[in-house]
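Here is the structure we will look at.
The values are calculated or read from the model by the stated rules, or taken from the named source; none is laboratory data. Because the structure is a prediction, the values reported are computed rather than measured. All Cβ positions, even for glycine, are placed from backbone atoms using ideal geometry, and neighbour counts span all protein chains on display. Surface areas here come from the heavy atoms of the whole protein model, side chains and all, with no ligands, DNA or RNA. Shrake-Rupley method; radii C 1.70, N 1.55, O 1.52, S 1.80 Å.
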Amino acid sequence: MLDKYRREINYLRVSITDRCNLHCTYCRPKEGISIKGHDDILRYEEIIRIISVAVEMGLVKVRVTGGEPLVRRNFIGFIASLKNIAGLRDISLTTNGILLEKFTRDIFNAGIHRINISLDSLKEEKYKTITGGGDLRAVLRGIEKSRKIGFAPIKINTVVMKGLNDDEVLDFAQMAFENPFQIRFIELMPFGQAQELHARNYISIDCIRDTISKRYKIDEIEGKKNSSDGPAKIFRLREGLGEIGFISPLSSHFCATCNRLRLTADGKLRSCLLSDDEIDLKGQLRRNCTDAELKKYIYEAITLKPGHHHITCAETHLKKCQRGMSTIGG
Ligand code: SAM
């Protein structure tokens, strides 16, 4: 699937629920979230159909996300059935890790061996504050169990915010030094309710990298970067076990190589995380569209994919994304 800028679109991120067991300050605050009813979100069979049709068009890679994917009933049956889609070469999962200890064995046995875990603090009280009450120890137990079971790679995503958790950047780097994890530092993006926080707490990847370089010798892994690394710039920590990654959607965006589409839990196909243009696939499926029609709608979304997004750290007021990440799927 080539878009009009000749980018090969072969990666779909699928949000299977807009529900979440956390309420992260920048993503999904306690108030103001309208949770969809069962009928408003795609059924698993519908998601499988969309993915199967997209695979016929050239899709090879899917990441399952949410909301929190592990809270949706029969999630394990769903990921196991993804493995049966011939041509789908790469399936991975993003989770906040709260339920990971309970499900990690089943996830592994279902054939998914690559996970990303979101973790913004290594301090119990701060983790609680950022996540609206989350239990850090549960996440750390889940990570440890996943490591023992043999997940590889284990990637940890950390959104860094000035004045909130930027004092922990070196602790996270040390975690990568001591463990075979890839810790990825991510810039805060101005979605939905994160817009105010963004104005106050945004910190660029360059600042984070400077802090780390003062303590650790880091060498960029160029050229043979794994395709699963996506837009992250990956560095080895000299003499350490793990790696660190930097993801800078704002200060140095990677739109020119973006290969992604996103399917929201309520069945909208989006071609850019930071644009509100969407194609309503659920509506078409429930009007009994044919596979050929479904392909046409998927192409329509690809046609809408902008050459680049319009948000920079200095210009967040120009055009903002109205949906929060919990409803789009991160
Ligand atoms: N519940 C799962 C989790 O926590 O990983 C999956 C969904 S969550 C929306 C996916 C990722 O989006 C998380 O790593 C979260 O930190 C990130 N995220 C949410 N809002 C964000 C924002 N405004 N800027 C940057 N990252 C954001």
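Among the residues of the range 146-159, is any open to solvent by less than 50 Å² (accessible area, probe 1.4 Å), in a loop (DSSP other than H, G, I, E, B) and within 12 Å of the ligand (Cβ to nearest atom)?
No, there is no match, as no residue in the range 146-159 is open to solvent by less than 50 Å² (accessible area, probe 1.4 Å), in a loop (DSSP other than H, G, I, E, B) and within 12 Å of the ligand (Cβ to nearest atom).
State which residue is surrounded by the fewest Cβ atoms within 10 Å (Cβ to Cβ) when the search covers only the range 120-142 and only residues that are β-branched (Val, Ile, Thr) and over 17 Å from Phe185 (Cβ atoms).
Checking each candidate, the answer is Thr129.
Out of the residues in the range 239-271 meeting the condition of being at pLDDT 95 or above and outside any strand (DSSP E or B), tell me which one is most open to solvent (accessible area, probe 1.4 Å).
Filtering the range 239-271 for residues that are at pLDDT 95 or above and outside any strand (DSSP E or B), the one most open to solvent (accessible area, probe 1.4 Å) comes out as Glu239.
Counting only residues that are open to solvent by less than 60 Å² (accessible area, probe 1.4 Å), farther than 26 Å from Ile115 by Cα and of a type in the set (A, V, I, L, M), how many does the range 161-218 have?
1
Could you tell me whether the range 70-92 includes any residue that is polar (S, T, N, Q), in contact (Cβ under 8 Å) with a residue 40 or more places away in the chain and buried (at least 20 other Cβ atoms within 10 Å of the Cβ)?
Scanning the range 70-92 turns up no residue that is polar (S, T, N, Q), in contact (Cβ under 8 Å) with a residue 40 or more places away in the chain and buried (at least 20 other Cβ atoms within 10 Å of the Cβ).
Of all the residues that make up the range 102-119, how many are over 17 Å from the mean Cα position of the chain (by Cα) and either within 12 Å of the ligand (Cβ to nearest atom) or surrounded by fewer than 21 Cβ atoms within 10 Å (Cβ to Cβ) (or both)?
8
Here are some residues: Ile35, Ile16. Which one is of a type in the set (Val, Ile, Thr) and modelled with pLDDT under 95?
Ile35
Return yes when Ile298 is in a helix (DSSP H, G or I), at pLDDT 95 or above and more than 16 Å from the ligand (Cβ to nearest atom) and no when it is not.
yes
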